[in-house]
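Input: a single structure, listed below in structure tokens.
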Amino acid sequence: MGVFGAMITAVSGLQAQSYALENISGNIANSQTTGFKRVDTGFLDLVTDAPRNQSVAGSTLSFSRATNTVQGDVQTTGIPTNIALNGQGYFVVGERTGTNGDTPVFSNNQFYTRRGDFALDKNGYLVNGSGYYLRGATIDPQTGTTVTASTDLIKIPSSQLSARQTSEVLYSGNLPSLPQTNYQKTNGGATSELIQPSTYTTDPVATGTVIASDDDTFLNQSLAAGSMTIYNDIGAPVNVQMRWAKVSDPAYTTSNPAFGSTEATWQLFYQSNSTATGSAVQWTRLGTNFTFASSGQMTSPTTVNSNVTVDGVTVTGVDFTFPTLTQFSDANGQITNSSVTQNGYSAGELLSVAVGADGRISGTYSNGQVAPLAQIAVVQFQADDALKRREGGAFEQTLESGQPTLGLGGATLVGGSLEASNTDIADEFSKMIVTQQAYSANTRVISTAQQMLQDTINIIR
């Protein structure tokens, strides 16, 4: 190779180390860039075709080594639309190409990123700090059905969540086998825990109603069953007050023969007219009789379908279901473990959004409801490091990377967090020192080769 070969080799070394320093400087500059993946430098030796015993070390080339599979630290930000990917994978994002009035126009190209500092823009799109727009499936919050393809641009609806009429009520609890009503506490004795039809102007057991003039008597002979708010077809709230009254028991064969004596029987009433007076109906029975076996288990019914009218407001077709209604002994003679839930709600405004570990974006509304809004698209690649880098922490698919596969692939999403750069400052400074020394050594080779050439020229003189 000779002196000239040594100079050429040293020049290739200078170029390679300059390239390495450029990568190091870029890594250090992006040490605080969200989702940044550092670029390491590799070196390749070039040798001439020569006999084995005359081969030389040769020159060098430098190349980049991607670190896409090396995750940065997950840091909490407290911003609900920030998303960190914990594990392998990439967000699917789109790029805006222009605007049509106030509406952005997007290209059909898909890009991939780990940068999750997304925020809602005025149009409801989620855009990150580099200007890339998040893709995924948009979900109708009213029905819970997916309304777009799995990798369309996500647009969070700003419209109200429409009101929903109550169609189902779930009631659970334990009715005491010996209800200690005010009447029972005062009178005691046989049948005192039962409702006493003879003390009413209008028999509530037979008619299924309690008139206003009998209200005090009814309150003394029944137990409070709790209250609930249900909603009609326009979302208007209806407050329902309920009371249980025991009407028969096997222990008293003459208590109410019309209901038999083999099972305990209860009736559930609700206040249908809170302002009723005189002979106007104030309480109305819900459905039919509730019967309990000697074991304390309810034998019928499991569901009651009824129209509920309170103070002139009617909610139609409500299914009252009693999944765990029992009649066990209770020391205090009161209803325990009472739980009432229903599926209706009024209209509500979107207050905030949150991201689940499975990539589901949910919205919290002013009516207390939480509804799904979108499903974030996350993809996996067979060869992550073969992706082509773009500005802004994005990547493009290449032939070497393979096709993207939709799915988390074992990764999870962390809402309110970001993935930091995977650059290690201390490690980069160490690389920089080594690179500087290698660069200086190559310049020394060139100086030495130059001196040797000068000595050769001096021979001729």
Q. If the convex hull of the alpha-carbon atoms of the chain is projected onto planes in all directions, what is the mean projected area in square nanometres?
A. 37.1 nm²
(Q) Positive end of the dipole of region 168-342, charges at C-beta (+1 Lys, Arg; -1 Asp, Glu), about the Cα centre: which of ASN239, THR202, VAL313 has its Cα farthest in that direction? (A) THR202
Q.
With a cut-off of 8 Å between alpha carbons and a minimum separation of six or more residues, what is the relative contact order of region 60-171 in percent?
A. 18 percent
Q.
Can you give me the Kirkwood hydrodynamic radius for region 168-342, using every pair of distinct Cα atoms, in Å to one decimal?
A. 16.4 Å
Q) Hey, got the dipole for region 168-342? About the Cα centre, +1 on K and R Cβ, -1 on D and E Cβ, debye to the nearest 20? A) 180 debye
(Q) Going by amide H atoms built from the backbone, whose H comes under 5 Å of the H on GLY393, apart from near neighbours? (A) none
Q. So what is log10(I(q)/I(0)) for region 360-412 at q = 0.22, 0.23, 0.27 1/Å, when the Debye sum runs over its Cα atoms only?
A. -0.86, -0.90, -1.05
Q. When every alpha-carbon pair in region 359-461 is counted, what percent end up more than 17 Å apart?
A. 77 percent
Q. Kirkwood hydrodynamic radius for region 47-133: how many Å is it when counted over pairs of different Cα atoms?
A. 17.0 Å
Q: Show the residues, 5+ positions off or on another chain, whose built amide H is closer than 5 Å to the amide H of ASP330.
A: SER177, LEU178
Q: Report ³J(HN,Hα) in whole Hz for each residue of region 78-87, in order, from the Karplus equation J = 6.51 cos²θ - 1.76 cosθ + 1.60 where θ = phi - 60°; Gly and Pro get x.
A: x, 8, x, 8, 6, 9, 10, 8, 9, x
Q: Starting from the amide H of SER59, placed 1.01 Å from N in the peptide plane, find each other amide H under 5 Å away whose residue is 5 or more places distant or on another chain.
A: LEU46
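May I ask you to order 337-346, 280-289 by the average number of other C-beta atoms within 10 Å around their residues, highest value first?
Listed from highest to lowest mean packing, they are 280-289, 337-346.
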Q: Could you name the lysines whose alpha carbon sits less than 17 Å from that of LYS246, not counting residues in the same chain fewer than 8 places away?
A: LYS185
Q | Residues of type aspartates and glutamates that LYS431 reaches as a straight line, Cα spacing below 20 Å, ignoring anything fewer than 8 places off in the same chain | A | GLU22, ASP40, ASP45
Q. For region 26-38, what does the Karplus curve 6.51 cos²θ - 1.76 cosθ + 1.60, with θ = phi - 60°, yield as ³J(HN,Hα) per residue in whole Hz, taken in order and with x for Gly and Pro?
A. x, 5, 5, 4, 9, 5, 10, 7, 4, x, 5, 10, 4
**Q.** Simple Cβ-charge dipole of region 62-139, Lys/Arg +1 and Asp/Glu -1, about Cα centre, in debye nearest 20
**A.** 180 debye
Q. Could you give the dipole magnitude of region 1-138 about its Cα centre, charging the beta-carbon of Lys and Arg +1 and that of Asp and Glu -1, in debye to the nearest 20?
A. 180 debye
Q: Take VAL92, VAL127 and order them by how many other Cβ atoms sit within 10 Å, fewest up front.
A: VAL127, VAL92
Q.
I need the phi-derived Karplus couplings for region 358-363: 6.51 cos²θ - 1.76 cosθ + 1.60, θ = phi - 60°, integer Hz, Gly and Pro marked x.
A. 8, x, 7, 8, 10, x
Q.
Just want to confirm a number: the relative contact order over region 168-342, from Cα pairs under 8 angstrom separated by 6+ residues, in percent.
A. 33 percent
Q: Using the charge dipole of region 168-342 (Lys, Arg: +1 at Cβ; Asp, Glu: -1 at Cβ; taken about the Cα centre), state which of ALA251, GLY226, PRO179 has its Cα farthest towards the positive end.
A: ALA251
Q. Can you list the lysines whose alpha carbon sits under 16 Å from that of LYS37, skipping same-chain ones fewer than 8 residues off?
A. LYS388
Q. Per-residue ellipticity at 222 nm for the chain, helices alone: DSSP H runs ≥ 4 residues times -39500 (n - 2.57), over residue total, nearest 500 deg cm²/dmol?
A. -6000 deg cm²/dmol
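Read-outs throughout are calculated quantities, based only on the coordinates presented, and are distinct from any laboratory measurement. Computed from a prediction, not measured in an experiment: that's the story for all the values here. Positions of Cβ are generated from backbone atoms using ideal geometry, with glycine treated the same way; all protein chains shown enter the neighbour counts.
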